[in-house]
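Remarks on the structure that follows.
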Amino acid sequence: MANVFNAAEVIDMGIEKEKKRRDFYALASRKFKDRKMKELFTRLTEWEEAHIKKFTDIRNSVEEYEIAESYQGEFESYIKSLVDDKLYKQVSPGQFGKSVKTPLQAIQYGIGFEKDAILFFGELIGYMPPIHVEKIKELIDEERKHLIYLSELKRKY
């Protein structure tokens, strides 16, 4: 018999990732003295906060939707591999200070976070009730915009 997962649990994982991205950008906004860098990372912090709100709204409406596995452990292992990432372990203030010394390094981390969000949300679509797929696609589009924005900024550096 296949295990069944609640879609809300998966969305909770996504919310936690959004919070960590928000926290990373907030740390970066406080670390750098350059006005443009402060503005950039403050804007990214606000964008992630908006995503948390959107995801929370989705999460609150999918509690009854269940996800079936093909075989026992399939979904849990897959989602854990998407969620358990070294990148997120470096979001704490102490690790951030050790890992990120320049604006360019912060931008590169941001690019990694945005790619991670696109991957996670893209995979999430396959497990969402059809009514929520469009909202998830909108979030992916927003993450793509963040990725493009950061990539263009990286080229300038």
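Summary of values
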| item | result |
| --- | --- |
| Where labels lie 7 Å past Cα in the beta-carbon direction, separation of R43 and E9 in nm | 3.9 |
| By average C-beta atoms within 10 angstrom, highest first, the peptides 49-55, 12-18 | 12-18, 49-55 |
| Point-to-point label distance, E152-R30, nm (Cα→Cβ direction, 7 Å offset) | 3.0 |
| Label-point separation, L119 to K98 (7 Å along Cα→Cβ), nm | 2.3 |
| Mean Cβ neighbour count within 10 Å, used as a protection proxy, ranking 116-122, 132-138, 30-36, 20-26 highest first | 20-26, 116-122, 132-138, 30-36 |
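No value in this document is a laboratory result; all are computed from the given coordinates. What you see is a predicted model, and the numbers here were worked out from it, not measured in a lab. Please note: Cβ atoms are built from the backbone with ideal geometry, for glycine as well, and neighbour counts cover all protein chains shown.
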